[in-house]
Ligand code: NAD
């Protein structure tokens, strides 16, 4: 089976090459370029393509992959909102993902963002390096005995709920389906979660239902001085409304691993450029906002699990077996 990997960095290639010897029937070529309509034609002659979160696997790309006779799209991610699933199904192209490769990796990053933004660690790091040992503007608040609101209690949300519990927080959650493992969590409506939580952490997928879940109206329902963390998908938060809320001093701190305009930036070194996007620049200008570049997944354990599951998905497809990782 021939697989063309798109959007690979050296750490992806290292991680896959380490595991590949166990799968001698898989032939892999790696590209640095993302999978987009412009690069989809390179897949001619391959049985499968492998894409990451930032690839554009929309309608046009899927059509081109079909023309190239690609039969399988392997996602090195849990999320699949960047793929036209219906089009792929119509063409008989199977889409397989890596669900729950390391929920703790993302949940721990969510707590890192919450703590670091709350305690202004991003400012403290720079200040101390400049021999400025003052504390002005760095006053935070304890999470102990405060309330955390977890939106979406799947694998990552559940891991975040356990972490918050470990911090001595009361844990509220909102989800369409209750997770039976979380007997210490109080499930409430979204409105009640927003009204009672000092920390709101988003862990639901980006769907038509959840697009701009955090907007002017839902921000108004939050407690004053709330900490908001998004490690899920940028589209969950309407950035303009978030900025309005930050300006209105609604948020004590905001930690974002994902944001709406990340696509152009993510995993690129653009330090020599002038940022054209004013919205991202505005977010970066606030002292209580901490942004990382979609790195929640980025731990050794998660990379190892991603490569192992992706290769197993490919082998199962080749054998006509199902793994439960098919996106239906
Ligand atoms: P999951 O499928 O295990 O859980 C998602 C949960 O969200 C489910 O319990 C589902 O019922 C719930 N949900 C769906 N719609 C909802 C709604 N409208 N309101 C509230 N809850 C809703 O997924 P997961 O593995 O926990 O991942 C969650 C998300 O995290 C992914 O969709 C992905 O976008 C994001 N993610 C980010 C990174 C990163 O590096 N930052 C890495 C992996 C995943």
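None of the figures in this text is laboratory data; all of them are computed from the coordinates on show. It should be emphasised that the depicted structure is a prediction, and the values quoted were computed from it without experimental measurement. Here the Cβ positions follow ideal geometry from the backbone for every residue, glycine too, while neighbour counts run over all protein chains shown.
I need 21, 164, 204, 68 ordered by Cβ neighbour count within 10 Å, fewest first. Don't jump to the answer; show the numbers that get you there.
Numbers: 21 7, 164 28, 204 21, 68 17.
The fewest-first ordering by Cβ neighbours comes to 21, 68, 204, 164.
Give the relative contact order (percent, whole number) for region 1-158; include only Cα pairs under 8 Å separated by 6+ residues.
Details: 209 pairs, mean separation 26.4, N = 158.
Rounded, it is 17 percent for region 1-158.
By how many degrees, 0 to 90 and rounded to 10, does the Cα axis of helix 10-20 deviate from the longest principal axis of the chain?
For helix 10-20, the angle is close to 50 degrees.
Mind sorting 262, 240, 268, 328 by how few other Cβ atoms lie within 10 Å of their own Cβ, fewest first? It would help to have the intermediate numbers written out before the result.
Working: 262 20, 240 14, 268 10, 328 6.
Sorted ascending by nearby Cβ count, the order is 328, 268, 240, 262.
When each pair of different Cα atoms in the chain is counted once in the 1/r mean, what is the Kirkwood radius in angstroms, to one decimal?
21.0 Å
Specify whether the C-alpha gyration tensor of region 170-220 places it in the rounded, prolate or oblate class, a ≥ b ≥ c being the square roots of the eigenvalues: rounded for a/c under 1.5, otherwise prolate if a/b is larger than b/c and oblate if not.
On the way: a/c = 2.34, a/b = 1.31, b/c = 1.79.
Judged from the Cα gyration tensor, region 170-220 comes out oblate (a/c at least 1.5, b/c at or above a/b).
Cα centroids of region 177-235 and region 238-275: how far apart, whole angstrom?
18 Å
Any chance you could give the angle, 0 to 90 degrees and rounded to 10, that helix 155-166 forms with the longest Cα principal axis of the chain?
Taking the Cα atoms of the chain, the angle to 155-166 is about 30 degrees.
Rounded, prolate or oblate: which fits region 106-223, taking a ≥ b ≥ c as square roots of the Cα gyration tensor eigenvalues, rounded meaning a/c under 1.5, else prolate when a/b beats b/c? It would help to have the intermediate numbers written out before the result.
Values: a/c = 2.10, a/b = 1.77, b/c = 1.18.
Verdict is prolate for region 106-223.
Taking other Cβ within 10 Å of each residue's Cβ, how do 127, 247 sort, fewest first? Please report the intermediate quantities before stating the final value.
On the way: 127 17, 247 11.
Ascending number of Cβ neighbours within 10 Å: 247, 127.
Considering the Cα trace of region 263-317, what is its radius of gyration and what is Dmax, both in angstroms?
16.8, 49
Angle check, please: helix 103-118 long axis (alpha carbons) against the longest principal axis of the chain (alpha carbons), in degrees 0 to 90, nearest 10.
30 degrees
In square nanometres, what is the average projected area of the Cα convex hull of region 167-300?
Numbers: hull surface 38.5 nm².
For region 167-300, averaging the hull's shadow over all directions gives 9.6 nm².
Based on DSSP H runs of at least 4 residues, each adding -39500 (n - 2.57), what is the mean residue ellipticity at 222 nm of the chain after dividing by all its residues, to the nearest 500 deg cm²/dmol?
Values: 12 runs with 116 residues, N = 328.
Calculated at 222 nm, the ellipticity per residue is -10500 deg cm²/dmol.
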